[in-house]
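In what follows, a structure is listed as structure tokens, so that the remarks can point back to it.
The values are calculated or read from the model by the stated rules, or taken from the named source; none is laboratory data. Worth saying up front: this structure is predicted, and the values here are computed from it rather than measured. Neighbour counts are summed over all protein chains in view; Cβ atoms, including those assigned to glycine, are modelled from backbone coordinates with ideal geometry.
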Ligand code: 9D3
């Protein structure tokens, strides 16, 4: 799978893409992850990517021209171009699983107050938000989505089962985890986990996951039933 993040802040992306599991996925050849500088497709001395809004008002708007030229060069018949935008459909575990089956993704990141509407109307395949809070650009959302997708690719996580077993796939929050020591200043690990009784441990974990979900995220239970 190839993922390209098209942005005026490529160096921010490169830092994240060069760390941890994302770096390992790239090094192992399981994903080609790349930050691409939108200013490569400007042609003036100031490398301008934005301009004042028609109709007036504060802030700047990203111009269509550098974006259109960049996409002409980057896109292939198999690529899916996704605009990161507060107006997009909301990202989720299900969306990550859908996107992980694509071969070629291009995340277009906005900056400033917005992007010329003709980009969304004519140049993209999908428009995604990561949630109802205002960020300063689409760069962090593109990295969030890249991270969520790449960890689902076969071979990326050490244990093949860990992405499958992950909480949102079942619609439940995770159960608590403990490691040594069994008693830390009087804060004890639940006895059942030390019992060696695997059936009892599984039952306890399921009960604790259900309880946590009921208390904190009852919306997840409504959705799965
Ligand atoms: C005044 C209207 N604002 C929209 C809520 C303007 C605006 C604010 C912030 C336009 C763009 C941005 C920058 N954010 C993104 O590009 C963005 C985003 C976000 O802010 N929250 C959640 N998901 C995303 S995806 C892209």
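Look through 120, 94 and report the one residue that is free of Cβ contacts under 8 Å to residues at least 40 places away in the same chain and away from the ligand (no atom under 13 Å from the Cβ). If you could, list the steps in order and put the result at the bottom.
Values: 120 fails: away from the ligand (no atom under 13 Å from the Cβ).
The unique qualifying residue is 94.
With surrounded by 11 or more Cβ atoms within 10 Å (Cβ to Cβ) and more than 21 Å from residue 7 (Cβ to Cβ) as the only criterion, which of 97, 75 stands out?
On the way: 75 fails: more than 21 Å from residue 7 (Cβ to Cβ).
Going through 97, 75 in turn, the sole match is 97.
Quick check, is residue 133 in a loop (DSSP other than H, G, I, E, B), surrounded by 14 or more Cβ atoms within 10 Å (Cβ to Cβ) and either at pLDDT 95 or above or within 15 Å of the ligand (Cβ to nearest atom) (or both)? Criteria not met by residue 133.
Among the residues in segment 192-209, are any surrounded by fewer than 16 Cβ atoms within 10 Å (Cβ to Cβ) and on the phi > 0 side of the Ramachandran plot? So far as segment 192-209 goes, yes, one or more of its residues are surrounded by fewer than 16 Cβ atoms within 10 Å (Cβ to Cβ) and on the phi > 0 side of the Ramachandran plot. Highlighted here would be strands (runs of 3 or more DSSP E) found entirely within segment 1-119 that include at least 1 residues which are farther than 17 Å from residue 142 by Cα and out of contact with any helix residue (DSSP H, G or I) (no Cβ under 7 Å at 6 or more places or on another chain), but there are none.
Just checking, does segment 144-155 include any residue being more than 27 Å from residue 220 (Cα to Cα), more than 15 Å from the ligand (Cβ to nearest atom) and outside the structural domain of residue 12 (by TED's automatic domain parsing)? Yes, segment 144-155 contains a residue that is more than 27 Å from residue 220 (Cα to Cα), more than 15 Å from the ligand (Cβ to nearest atom) and outside the structural domain of residue 12 (by TED's automatic domain parsing).
When each of 180, 208, 216 is tested for being outside the structural domain of residue 72 (by TED's automatic domain parsing), more than 16 Å from the ligand (Cβ to nearest atom) and touching a residue at least 40 places away in the same chain (Cβ under 8 Å), the lone residue that passes is 216. Scanning segment 163-213 for residues that are assigned to a loop (DSSP other than H, G, I, E, B) and under 30 Å from residue 97 (Cα atoms) turns up 163, 164, 165, 166, 171, 172, 173, 174, 175, 176, 177, 178.
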